[in-house]
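*Asks:* One structure, pasted below without further comment.
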Amino acid sequence: MTDLILIQRDGPIATIVLNRPDRLNAMSKPMWRQLGEVMHALSADTDSRCIVIRGAGGKAFSPGNDIGEFESVRSTPEQAKAYGEDLYLALNAIKNSPHPTVALIEGICVGGGLELAALCDLRICGESSRFGVPIKRLGLVMAYPEIEGLLALVGRAVTLEILLEGRVFGAAEAKEKGLVTRVVPDSDVEAEAMATARRIAEGAPLVARWHKKFVNRLAQTEPLSAAELDEGYDCYATEDFQIGYRSFLEKKPPVFKGR
C-alpha cells in the first residue's frame, strides 16, 4: 500500500488520513480503492472504538475527485463505471462500519469529499470550511449510490438545493442545513474532533455498535421482528454492563472491555 491513505493509532482511536496535500487531498481512483480496503480492515478490528477521517495538511478535507484524472480514467461511461466501483466500495465501507466515525473537516469539503463526510456519524468543521457539490459545471451527475448518504443526512429538499444550484457555501449555512454536527474556530477543529472521538471511545464499545445498528435499522420501513426487539436487551448479558453499573455505584470511571 502506498502512502495515499495513512492510518494513525491513538489507543482505540484510528485516524484515516487522506494524504495528498499537494492536491488538497483530491481523491484519485487508487485513493478510493485504498480507502475502502482500510475501512474494511478497521471495521473488522474489534480493538478499534472510533474512526476519525481527515485530510492531510490542515488546509482541506477534500475537494472531491481529481478533475485532472478524468481524461485518463473517467472519460467514458465504461471507465466511469469502473471508477465508480472503487468509489462505491469505499463509501459503503464507511456507511456500514460498525464503529462510530467522525469526520475532522478543515477547509474545503466539496463533491466527493462531502459525499465521504456525509456518511460519517459526526462531522466537526472549522468556521472557514466550505461545502457544496458544484458538479453541474462539469456536466456530471451524482449517481444513485453517491446521493444516498447525502439524502439520508439532509433530506430531499436540501439535497436538491445543493445539487441543482451547485453553490459552494460556508460552515454556518452547512450547520443550518444539518450537514455538520458542530462548527468551531479553525484552530480548534483537530482538538474538538479528537475530544469527540475520545468521548466515544470511553463508552462501552458494544453499546456504540448496537446504537449505530439500531438507528440504521429504524431508518427502514419494515416492522421490527421479535428477535430484533429482543436484541435491545442483550446488553444486560455483557461484561461491560457489569463493569458499567458497578463503576457508577462505586463512583469511579468504567474501563470497558468490549465483551
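The values are calculated or read from the model by the stated rules, or taken from the named source; none is laboratory data. This is a predicted model, so every value here is computed, not measured. As a convention, Cβ positions derive from the backbone with ideal geometry for all residues, glycine included, and neighbour counts pool all protein chains shown.
*Asks:* Only one of Ile135, Ile108, Ile124 is in contact with a helix residue (DSSP H, G or I) (Cβ under 9 Å, 6 or more places away or on another chain), buried (at least 22 other Cβ atoms within 10 Å of the Cβ), of a type in the set (Val, Ile, Thr) and on the phi < 0 side of the Ramachandran plot; which?
*Replies:* None of the other options fit; the residue is Ile124.
*Asks:* Check Val215 against each of (1) assigned to a helix (DSSP H, G or I); (2) surrounded by 14 or more Cβ atoms within 10 Å (Cβ to Cβ); (3) under 18 Å from the mean Cα position of the chain (by Cα); (4) of a type outside the set (D, E, K, R) and name the one condition it does not meet.
*Replies:* Val215 satisfies all of (1) assigned to a helix (DSSP H, G or I); (2) surrounded by 14 or more Cβ atoms within 10 Å (Cβ to Cβ); (3) under 18 Å from the mean Cα position of the chain (by Cα); (4) of a type outside the set (D, E, K, R) except (2).
*Asks:* Evaluate the following for Leu151: is it free of Cβ contacts under 8 Å to residues at least 60 places away in the same chain, in the same structural domain as Ala26 (by TED's automatic domain parsing), among the hydrophobic types (A, V, I, L, M, F, W, C) and buried (at least 20 other Cβ atoms within 10 Å of the Cβ)?
*Replies:* Here the answer is no, as Leu151 does not meet what is asked.
*Asks:* Scanning for something of a type in the set (Lys, Arg) and part of a loop (DSSP other than H, G, I, E, B), does segment 248-255 turn up at least one residue?
*Replies:* yes
*Asks:* Within segment 173-189, how many residues turn out to be among the charged types (D, E, K, R) and either in contact with a helix residue (DSSP H, G or I) (Cβ under 7 Å, 6 or more places away or on another chain) or closer than 15 Å to Leu119 by Cβ (or both)?
*Replies:* Qualifying residue count, segment 173-189: 2.
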